[in-house]
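The values are calculated or read from the model by the stated rules, or taken from the named source; none is laboratory data. Source: prediction; values computed, not measured. Note: ideal-geometry Cβ built from the backbone for every residue, glycine included; neighbour counts use all protein chains shown.
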Amino acid sequence: MGAAVAVAAAVVAAALGGCGSSGGSSTEAAPTHPAAVGSGAYSPSIDPSNFVSKVDNPYLPYRPGTILRYTGVMKNGTTPQTDTVFVTHRKRPVLGVKCTVVRDTVTSRGRPVERTFDWYAQDQQGNVWYMGEETQELKHGQFGKMIDSGPAGKNGAKPGVIMEAAPKPGDRYWQFHWPGHALDKGTVLRNGVAVKVPYRSFSNTLLTQEQSPLEPGIRDWKWSAAGIGYVEERAHAGSQEQIKLISVSHR
């Protein structure tokens, strides 16, 4: 969010809705990764020899030393939150892949609430893979690991794609697959979306949706700007949580 990483598997056809041509006889090309949602069982194969050592996808560039700060409200729509995302210089091996470690700290009214270490790796096609996390919740003044934390490859958890190399409206893909804990799916909704956040205005962002069958009533929308990454996240249904980018810095 080292050594090269890879995903070696046959490309699985995406379940695209409404993406055919006007004549109805052709469809968009399937995503160039094996995390696309299909009819069969999801079983990506990781080959650490076939991918790159950095994360520089235009819509999710995780350059070490980058700090992105967001403000917004929690799920109840009234409790304020500040979210600080720091791309560390650390690497964390997952399934033989040296992943970029991204630290995400949530605070409310000046007090820390939750801290997460997320692990990302990018394949040679430019897809950014989410390899798991360690989530820490503040209890009795100290951060402690939560039960639903862990890397891909353990206890049935499987990695997925968090950002495609060439996102197209209608693409659907697994972001993380851990039965009973996380079954996160992403869908590309639109390209070229204008959005205004405290940091600045953007005329051409990528809009994606995240949803899990474990929380069927909740849908999150995310707007991503080239060269920066996520600039806004807002619950579209089932929650009132939202955050918007207020600053970008490097150290």
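Things to note:
- Filtered by the rule that a residue be charged (D, E, K, R) and in contact with a strand residue (DSSP E or B) (Cβ under 8 Å, 6 or more places away or on another chain), segment 204-251 gives Glu210, Arg219, Asp220, Lys222, Glu232, Glu233, Arg234, Glu241, Lys244, Arg251.
- Subset of segment 176-193 [more than 16 Å from the chain's Cα centre (by Cα) and among the hydrophobic types (A, V, I, L, M, F, W, C)]: Val193
- Restricting segment 47-70 to residues that are among the aliphatic types (A, V, I, L, M) and in a loop (DSSP other than H, G, I, E, B), the residue that is surrounded by the most Cβ atoms within 10 Å (Cβ to Cβ) is Val55.
- Filter result (hydroxyl-bearing (Ser, Thr, Tyr) and buried (at least 18 other Cβ atoms within 10 Å of the Cβ)) within segment 188-203: Tyr199
- Within segment 81-119, the set of residues being within 15 Å of the chain's Cα centre (by Cα) and among the aliphatic types (A, V, I, L, M) comprises Val85, Val87, Val101, Val102.
- Hey, Leu138 modelled with pLDDT under 95 and either surrounded by 16 or more Cβ atoms within 10 Å (Cβ to Cβ) or in contact with a Ser or Thr (Cβ under 9 Å, 6 or more places away or on another chain) (or both) or not: no
- Of all residues in segment 52-67 being under 15 Å from the mean Cα position of the chain (by Cα) and of a type in the set (A, V, I, L, M, F, W, C), the one that is farthest from Ala226 (Cα to Cα): Val55
- Selection count, segment 159-173, where residues are buried (at least 24 other Cβ atoms within 10 Å of the Cβ) and either more than 17 Å from Gly126 (Cα to Cα) or among the aromatic types (Phe, Trp, Tyr) (or both): 1
- Filtered by the rule that a residue be within 15 Å of the chain's Cα centre (by Cα), over 14 Å from Asp184 (Cα atoms) and hydroxyl-bearing (Ser, Thr, Tyr), segment 208-239 gives Ser224, Tyr230.
Listed here are the residues, each with its yes/no results for (1) at pLDDT below 65; (2) in a loop (DSSP other than H, G, I, E, B).
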| residue | (1), (2) |
| --- | --- |
| Ala3 | yes, yes |
| Ala9 | yes, yes |
| Ser22 | yes, yes |
| Glu28 | yes, yes |
| His33 | no, yes |
| Ser43 | no, yes |
| Gly72 | no, no |
| Asn76 | no, yes |
